[in-house]
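Here the structure comes first, spelled out in structure tokens, and everything after it is commentary.
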Amino acid sequence: MTDTEFKKILWDAAVKLRGSLSAAEYKYPVLGLVFLKYVSDVFEAQADVIRARAADPHHDQYVEDASLRAELVEEWVKDKSFYEADNVFWIPEDARFGKLLAQAKAPGIAHKLDAAMASIEVENPKLRGVLYRDFGRLELDNGKIGDLLGIIAKMKFDPKEHTSRDVFGEVYEYFLGNFALEEGQKAGQFYTPRSVVQTLVEILAPFEGRIYDPCCGSGGMFVFSERFIEAHGGKKGQAVVYGQEMTATTRKLACMNLAIRGIDYDMGREYADTFANDQHPDLRADYILANPPFNMEWNPKDVANDKRWVYGTPPAKNANYAWLQHIISKLATNGRAGVVLANGSMSSNQSGEGAIREAMLKGDIVECMVALPGQLFTNTPIPACLWFLSKKKGTGKNGKQDRKGQVLFIDARKMGAIQINRTQIALSDEELQKIAQTYHNWRGTVWSQNGYADVPGFCKSATLDEIAKHGYVLTPGRYVGAEDVQDDGEPFEEKMARLSAQWREQRAEAARLDAAIEANLKELGYGG
């Protein structure tokens with residue numbers, strides 16, 4: 001059985017048990033139990049790690065005398081510090097998955113789960129206020145909760161395997177993605193499709209420094225940033241992540257997602273509205289990745305004189321340009337940002353948005369625009385685009401090519417080679433690399449491989465003068481032009497003769513089909 005098949009079996013089984021609960025309600029207890037299973041497995045395996053170190057002559061904790069070693073090990077496996085030293089969460093005995101599984105069919109299992117989660121939070125400050133503790137309020141009977149424990153018990157996370165954390169991450173992400181498909185439009189509050197996040201990460205290349213997401217959902221931007229660092233030879237901890245989320249339950253998902261992967265994070269003091277209650281007022285980030293709610297209504301009256309609105313006060317009907325300017329205000333001297341927005345943000349002139357966009361372009365803060373294909377998102381059919389912003393477009397840390405006064409346009413609308421289901425597609429790895437490599441070649445970054453050249457129908461480096469002629473509209477299709485049609489070498493007259501013959505053959509075949517249908521109808525007594 002493949003990993004994908006295993007995850008699908010777990011998912012299908014879990015969904016069967018949810019009864020009348022919506023996906024929005026059900027995802028929190030399911031992901032909470034997946035989390036509990038993982039931390040319990042890792043905790044219990046740590047005792048074997050402690051014993052092995054005590055018996056290893058090459059380890060600092062080696063104890064030569066066998067009887068003394070046995071005595072010390074029995075103390076050490078009960079010592080919290082031996083777990084914390086390896087970033088293993090301390091799990092109280094009554095909160096361990098195996099003990100709870102043994103009581104799965106007992107009355108009151110829901111309340112025991114709540115108590116278990118509460119005790120884990122008490123023992124691990126990083127998890128306080130993070131874990132799901134509402135099993136007792138679920139509209140599920142104890143039997144179904146017990147069955148759910150049995151399903152989650154099939155997951156095995158063996159820390160001796162270096163991939164155990166990755167396996168948990170894959171299961172967690174798989175479940176998040178499937179809940180997003182189930183929830184439809186509401187899913188955008190917590191989940192950004194993998195290929196969209198990967199595009200942002202591959203272009204920004206957040207290798208080290210401070211990474212920020214002002215509307216972080218379940219933390220996917222941070223997870224993929226960490227993967228990028230590891231894939232390119234970096235070490236855990238060389239980037240620090242800062243996030244904010246306005247929904248309490250989604251903030252908990254993010255904290256669980258990051259904590260389990262060993263990613264240090266600062267999610268602020270509490271869940272809060274980014275515009276009205278910024279949890280990181282003094283932060284200046286090296287990289288910002290964000291997927292704010294599309295075309296969100298908000299109330300700028302509370303912050304009408306806000307210093308963030310350098311390029312103009314955003315309209316109340318739509319927060320797109322509020323997000324962009326908040327993000328710009330958070331960039332460090334060499335900072336760069338990637339933002340997912342609805343396509344309308346590239347061309348709207350309503351309520352002063354066109355003037356704000358013009359001011360941003362004249363301020364030379366816009367670096368690259370990418371038009372994405374439709375059907376990438378589970379929560380909206382609205383086509384989306386990626387804005388890339390940069391505080392320093394000249395030569396230096398961000399690239400060898402001086403791109404002041406220029407914007408790169410990439411039209412990826414024809415991409416999306418992977419069909420996830422009837423209504424959703426995804427970008428293939430090859431398509432992701434083509435988009436990202438085009439940017440890096442254009443900018444001359446450390447990731448560049450070849451020189452940059454415009455490709456008709458796909459990419460174009462445009463000057464601000466050219467953009468001004470288009471009324472400061474940033475839709476890539478206006479700039480990249482039509483795709484070149486390669487000459488196949490066939491003479492025009494021969495091609496026309498061949499196509500005419502094909503057309504006549506198709507017409508003849510259609511006539512034969514019509515005659516056969518008419519004959520069948522007559523045989524059945526229809527027609528004259």
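Of note:
- Enumeration of residues in region 215-235 that are in a loop (DSSP other than H, G, I, E, B), of a type in the set (Gly, Ala, Ser) and without any contact (Cβ under 8 Å) to a residue 12 or more places away in the chain: Gly233
- Leu376 closer than 25 Å to Ser225 by Cβ and in contact (Cβ under 8 Å) with a residue 24 or more places away in the chain: yes
- Contact annotation: residue pairs with Cβ atoms under 7 Å, 6 or more positions apart or on different chains, pairing a residue in region 461-472 that is surrounded by 12 or more Cβ atoms within 10 Å (Cβ to Cβ) with a partner that is of a type in the set (Asp, Glu), are Ser461/Asp454; Tyr472/Glu358.
The rows are residues; the columns are (1) touching an Asp or Glu at 6+ places or on another chain (Cβ under 7 Å); (2) surrounded by 17 or more Cβ atoms within 10 Å (Cβ to Cβ); (3) more than 17 Å from Trp447 (Cα to Cα).
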| position | (1), (2), (3) |
| --- | --- |
| Cys385 | no, yes, yes |
| Asn398 | no, yes, no |
| Gln401 | no, yes, no |
| Ile410 | no, yes, yes |
| Met415 | yes, yes, yes |
| Glu430 | no, no, no |
| Gln433 | no, no, no |
| Ala436 | yes, yes, no |
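- Subset of region 330-340 that is hydrophobic (A, V, I, L, M, F, W, C) and farther than 15 Å from Asp282 by Cα - its residue that is surrounded by the fewest Cβ atoms within 10 Å (Cβ to Cβ): Val339
- The set of residues in region 226-245 that are under 19 Å from Thr274 (Cβ atoms) and of a type outside the set (A, V, I, L, M) comprises Tyr242, Gly243, Gln244, Glu245.
- Tabulated pairs, region 37-65, first within 23 Å of Asn124 (Cβ to Cβ) and acidic (Asp, Glu), second at pLDDT 90 or above and open to solvent by less than 20 Å² (accessible area, probe 1.4 Å), C-beta under 6 angstrom, 6+ apart or interchain: none
- Looking only at residues in region 11-27 that are in a helix (DSSP H, G or I) and touching a helix residue (DSSP H, G or I) at 6+ places or on another chain (Cβ under 6 Å), the one that is modelled with the lowest pLDDT is Ala13.
- Extreme residue, modelled with the highest pLDDT, among residues of region 255-312 that are open to solvent by 20 Å² or more (accessible area, probe 1.4 Å), in a strand (DSSP E or B) and touching a helix residue (DSSP H, G or I) at 6+ places or on another chain (Cβ under 8 Å): Tyr287
- So Gln238, is it surrounded by 24 or more Cβ atoms within 10 Å (Cβ to Cβ) and polar (S, T, N, Q): no
- So Ala254, is it hydrophobic (A, V, I, L, M, F, W, C) and under 30 Å from Ser351 (Cα atoms): no
- From the options Val167, Val122, residue that is at pLDDT below 75, out of contact with any strand residue (DSSP E or B) (no Cβ under 9 Å at 6 or more places or on another chain) and open to solvent by 10 Å² or more (accessible area, probe 1.4 Å): Val167
- Of the candidates Arg413, Arg498, the single residue that is of a type outside the set (Gly, Ala, Ser), at pLDDT below 95 and in contact with a strand residue (DSSP E or B) (Cβ under 9 Å, 6 or more places away or on another chain) is Arg413.
- The residues of region 84-104 that are farther than 16 Å from Ile152 by Cα and either outside any helix (DSSP H, G or I) or open to solvent by less than 30 Å² (accessible area, probe 1.4 Å) (or both), listed by number, are Ala85, Asp86, Asn87, Val88, Phe89, Trp90, Ile91, Pro92.
- Of the residues screened, Arg308 is one that is over 22 Å from His470 (Cβ atoms) and either over 19 Å from the mean Cα position of the chain (by Cα) or touching a residue at least 24 places away in the same chain (Cβ under 8 Å) (or both).
- Considering only residues in region 438-453 that are under 18 Å from Lys404 (Cα atoms) and in contact (Cβ under 8 Å) with a residue 12 or more places away in the chain, the one that is most open to solvent (accessible area, probe 1.4 Å) turns out to be Tyr452.
- Test: residue in region 37-48 that is among the acidic types (Asp, Glu), under 23 Å from the mean Cα position of the chain (by Cα) and either modelled with pLDDT under 90 or over 25 Å from Thr249 (Cα atoms) (or both): no
- The residues listed here are Ile327, Ile356; of these, the one that is outside any loop (DSSP other than H, G, I, E, B), open to solvent by less than 10 Å² (accessible area, probe 1.4 Å) and over 26 Å from Pro206 (Cβ atoms) is Ile356.
- The listed residue being buried (at least 18 other Cβ atoms within 10 Å of the Cβ) and at pLDDT 70 or above, out of Pro159, Pro107: Pro159
The values are calculated or read from the model by the stated rules, or taken from the named source; none is laboratory data. What you see is a predicted model, and the numbers here were worked out from it, not measured in a lab. Every residue, glycine as well, gets a Cβ built from its backbone with ideal geometry; the counts of neighbours run over all protein chains shown. In case anyone asks, the SASA skips ligands and DNA or RNA and just uses the protein heavy atoms, side chains included. Shrake-Rupley method; radii C 1.70, N 1.55, O 1.52, S 1.80 Å.
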